[in-house]
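See structure below.
The values are calculated or read from the model by the stated rules, or taken from the named source; none is laboratory data. All figures in this text were calculated on a predicted structure; none of them were measured in a lab. Here the Cβ positions follow ideal geometry from the backbone for every residue, glycine too, while neighbour counts run over all protein chains shown. Note: accessible area is taken over every heavy atom of the protein model, side chains too, but ligands, DNA and RNA are not part of it. Shrake-Rupley method; radii C 1.70, N 1.55, O 1.52, S 1.80 Å.
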Amino acid sequence: MNQRFRWPDERLIRAAQDGDVASLTTVVTESQPHVRKFALSLCASPQDAEDAAQEALIILYRKIGTLRASGALASWMFRIVRNECLRQVRLLVSRKDEASAEPEADGGPSAEETVLHRLEAERVAAAVSALPRDLRQVLIMRDVQGLPGRAVAQALGLSGAAMKSRLHRARAALRLSLAATDRAVDRPTGEDSRG
């Protein structure tokens, strides 16, 4: 059954924005397949995609009145799903960082160190989310979630060698992306960097 789903029409969206509960329910129901498809293409794992899709549909239900143009529902939902997937990556990175952080002798990191650490986590999360889906999935499953290589390969339907190759490409792409942002940050504006 290869059914093609359509987004809700503008009339239905406007009725939902005006508070018609039946219309709102229909908009959420008709948006669900698209939202799930977005989430599966953007998130690291099917579980993350399901969580992101559910969160996006809840936001749609609660905040449809804030949608400015009824014809912009698809792009609005895509942004919500993308932001939710990015939030999940940030959360995973920060949890992993917190678990590996050692407390300082004086009782903890300074406020400046905390802010710098948070900014670095945001930068890494943004670089990870910018990776193509196949590379992002293997990198998050293996390096962030810490799943064994065999489990990652099996979950993605890959051989062990293919998973390792994809992971190597993902790590290399991430290093390049982070190095490029390092160079952009280190380069003084309006000055000759030769010294």
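Of all residues in the range 72-111, those satisfying the criterion of being charged (D, E, K, R) and either outside any helix (DSSP H, G or I) or at pLDDT 80 or above (or both) are R79, R82, E84, R87, E102, E104, D106. Among the residues making up the range 118-150, those that are in a helix (DSSP H, G or I), open to solvent by 40 Å² or more (accessible area, probe 1.4 Å) and under 16 Å from A179 (Cβ atoms) are E120, R123, A126.
Search the range 51-70 for residues being outside any loop (DSSP other than H, G, I, E, B) and without any contact (Cβ under 8 Å) to a residue 12 or more places away in the chain, and hand back the single one that is surrounded by the most Cβ atoms within 10 Å (Cβ to Cβ). Please lay out each step first, then the result.
Going residue by residue through the range 51-70, those that are outside any loop (DSSP other than H, G, I, E, B) are 51-66, 70.
Cutting the leftovers down to without any contact (Cβ under 8 Å) to a residue 12 or more places away in the chain gives us 54, 58, 62-63, 66.
On the way: Q54: 15, I58: 12, R62: 10, K63: 11, T66: 9.
This residue is Q54.
Which of the residues belonging to the range 7-24 are in a helix (DSSP H, G or I), open to solvent by 70 Å² or more (accessible area, probe 1.4 Å) and free of Cβ contacts under 8 Å to residues at least 60 places away in the same chain? Scanning the range 7-24 gives R11, R14, V21. Put simply, of V21, V35 the only residue that is more than 19 Å from L135 (Cβ to Cβ) and out of contact with any helix residue (DSSP H, G or I) (no Cβ under 7 Å at 6 or more places or on another chain) is V21. Taking the criterion of being touching a Pro at 6+ places or on another chain (Cβ under 8 Å) and either open to solvent by 70 Å² or more (accessible area, probe 1.4 Å) or on the phi > 0 side of the Ramachandran plot (or both), the only residue of the range 31-50 that qualifies is L40.
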